[in-house]
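Participant: One structure, as C-alpha cells, below. Some questions next.
The values are calculated or read from the model by the stated rules, or taken from the named source; none is laboratory data. The model shown is predicted, which means the values in this text are computed figures rather than measured ones. Every residue, glycine as well, gets a Cβ built from its backbone with ideal geometry; the counts of neighbours run over all protein chains shown.
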Amino acid sequence: MGIKDWFSKGKKAAAENKDAVKDGIDKAGDFVDDKTGGQHSEHVDKGQEVAKDYVENLDEE
C-alpha cells in the first residue's frame, strides 16, 4: 500500500469522525497553550481554526 492510499484512508477516517478530530485539535491546542504559558495563544487559536475548517470540509473534496 502506497503513501497515497494511507493518506486517503486517513482523510476518510477523519471525515467520518469530524467531531472527535476537532475535539483532538482543541485538546492539542490547549496542551500547547498550557506548555507555553499562553505566549502563543493567538497563533495556536488560528491554527486550530484552520485545522478544524479543513476537517469540516473533507467530504467536499
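Participant: Does region 25-43 hold any residues that are within 24 Å of residue 15 (Cβ to Cβ) and surrounded by 12 or more Cβ atoms within 10 Å (Cβ to Cβ), and which are they?
Facilitator: Across region 25-43, the qualifying residues are 25, 26, 28, 29, 30.
Participant: A follow-up question, please. Mind counting the residues in region 1-24 that are surrounded by fewer than 10 Cβ atoms within 10 Å (Cβ to Cβ) and modelled with pLDDT of 90 or more?
Facilitator: Counting residues in region 1-24 that are surrounded by fewer than 10 Cβ atoms within 10 Å (Cβ to Cβ) and modelled with pLDDT of 90 or more gives 5.
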